[in-house]
Amino acid sequence: MSTKPGYDKNKVILLICDGLGDRPSLGGKTPLQAADTPNIDEISKAGINGLMDGISPGIVPGSDTAHLAILGYDPYKYYPGRGVFEALGADMALHKGDVAFRANFATVDEKMRVIDRRAGRKGSKELAEALNGLEIDGVKIFLKNTTEHRCAVVMEGKNENLSKYVSDVDTHEAGDIVKKCEPLKGKEGEGEKKTAKIVNEFVMRSYEILNGHHVNEERRRRGEPPANIILLRGAGSYEEVPSIKARFGFSAACVAGASLYKGVAKYLGMEVIHVEGTTGRADTNLNNKVEAALHALKAHDFVFLHVKATDSMGHDGDFEGKKNMISRIDKELVARIKDADSYIVITADHSTPVSIKRHSSDPVPVVIKGVGVRKDRVNKFDEFSAASGGLGRISGINLMPILSDFMGYYKMYGT
Ligand code: ZN
Ligand code: ZN
């Protein structure tokens, strides 16, 4: 790294531990406080620390919108809807005007009552093939199975005036009747009506095609519930946005396991590095991830490294699991990147407190280590210590401009 910050170009590794932030619970501590983190604390000691609101104080962030903000894109301006990220993360092609959804295979009875929202962990690929390429009202529909029961769906929008302002078909709970897709309130235009009609027809067609499919016959024979319908949610509308390279001037790469984050990265023009053994769960291969990140740093100026499991543990209310995952990240990941020839940034997209098992608006700790930073007195990386750091309290959208200046890609306002 250059010894003259702001003159020569420097690199950055940004580690985002999803949902890392928490509230004190077991023994009055947060999982981050309770975890064994000598390497992360070393970075805290050498760096400038603070608290960060993924979006802004009091706003509970989704992972998608918080990541947009932290990567420098105002989510109120650039958020295309979740489905777009799922489709991009699944390596599906998207063009302007296309509408994309998240979807899952589910089990319904003949009255369209949902028995299981997550069906068909086996044989899903073949079932997806049976629905891929259907055409309804002249609109082609593509579907790809990602992991287990999960899929991404793309409706080819070219000149079809399709809209993302339609409701979910997914009931979000078993026991309910499959919902009708409808235009969202206040958005009842022709495009919304047309999109909703196609969605409803696609869902009915999926039942007709899947219910008698041989994969499901075999499932019934084994005593398993059939994956006999596809439920859509999270409509998004694709539009091209200026890339990180175009907006900030440096090239960026992403190392992540879960498809949402790969999708966000692709949307912003980052190179998505394929890594074996990343699962987005606690058994994810951190060694392969860190290797990939260090390798990516040779070809790129900015490497975004994502770990999902901390958020999942928060949703599960699993204090020990979250604590242990953080200790693992310290040993297997941070120990390897802490001396990289770059700025090191560690933070989270939002808090996922184990006590409430959901995202919260509590700000997350953030640290930046590297040449020229105003080292503060913080020597432990956690939600409380970081509050007295030199960065103060920033919003996610502030992070990229701060890093750009350290990297030497600053933009001056005025002369
Ligand atoms: Zn998240
Ligand atoms: Zn979450």
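The values are calculated or read from the model by the stated rules, or taken from the named source; none is laboratory data. Quick caveat, the model's predicted, so the values are computed rather than measured. Note that we place each Cβ from the backbone using ideal geometry, even for glycine, and neighbour counts take in every protein chain shown. Side chains included, ligands, DNA and RNA excluded: accessible areas come from the protein's heavy atoms. Shrake-Rupley method; radii C 1.70, N 1.55, O 1.52, S 1.80 Å.
Quick check on residue 129: is it out of contact with any helix residue (DSSP H, G or I) (no Cβ under 8 Å at 6 or more places or on another chain) and open to solvent by 80 Å² or more (accessible area, probe 1.4 Å)?
yes
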Of the residues 348, 335, which is among the small types (Gly, Ala, Ser) and in contact with a strand residue (DSSP E or B) (Cβ under 9 Å, 6 or more places away or on another chain)?
348
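When the residues of region 212-242 are filtered to those that are over 30 Å from residue 303 (Cβ atoms) and acidic (Asp, Glu), which remaining residue is modelled with the lowest pLDDT?
This residue is 224.
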Cβ-Cβ under 9 Å pairs, at least 6 apart or on other chains, region 378-392 side closer than 13 Å to residue 42 by Cα, far side exposed (fewer than 15 other Cβ atoms within 10 Å of the Cβ):
378/388
For residue 336, indicate whether it is of a type in the set (Lys, Arg), over 20 Å from the mean Cα position of the chain (by Cα) and modelled with pLDDT of 95 or more.
yes
With a cut-off of at least 1 residues that are of a type in the set (Val, Ile, Thr), name the helices (runs of 4 or more DSSP H) lying wholly within region 1-105.
38-46, 63-70, 82-89
Considering region 93-126, residues that are crowded, with 21+ Cβ neighbours inside 10 Å and under 19 Å from the mean Cα position of the chain (by Cα), and then whichever is farthest from residue 397 (Cα to Cα), we arrive at 104
Can you tell me which residue in region 333-366 is nearest to ligand 1 (Cβ to nearest atom), limited to those that are over 20 Å from residue 252 (Cβ atoms) and of a type in the set (Val, Ile, Thr)?
352
Right, residue 90: of a type in the set (A, V, I, L, M) and either within 16 Å of ligand 1 (Cβ to nearest atom) or surrounded by fewer than 24 Cβ atoms within 10 Å (Cβ to Cβ) (or both) or not?
yes
Residue list for region 292-319, filter: assigned to a helix (DSSP H, G or I), open to solvent by 50 Å² or more (accessible area, probe 1.4 Å) and either within 14 Å of ligand 2 (Cβ to nearest atom) or free of Cβ contacts under 8 Å to residues at least 40 places away in the same chain (or both):
295, 298, 315, 316
Working only within region 27-72, note down all residues that are within 16 Å of ligand 2 (Cβ to nearest atom) and surrounded by fewer than 21 Cβ atoms within 10 Å (Cβ to Cβ).
59, 60, 62
Residue satisfying condition, being of a type in the set (S, T, N, Q) and more than 15 Å from ligand 1 (Cβ to nearest atom), within set 65, 30:
30
Say whether the condition of being within 16 Å of ligand 1 (Cβ to nearest atom) and under 20 Å from residue 270 (Cα atoms) is met by at least one residue in region 308-315.
yes
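Matching residues to (1) open to solvent by 30 Å² or more (accessible area, probe 1.4 Å); (2) at pLDDT 95 or above; (3) among the hydrophobic types (A, V, I, L, M, F, W, C):
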{"position": "172", "(1), (2), (3)": "yes, no, no"}
{"position": "175", "(1), (2), (3)": "yes, no, no"}
{"position": "206", "(1), (2), (3)": "no, yes, no"}
{"position": "210", "(1), (2), (3)": "no, yes, yes"}
{"position": "244", "(1), (2), (3)": "no, yes, yes"}
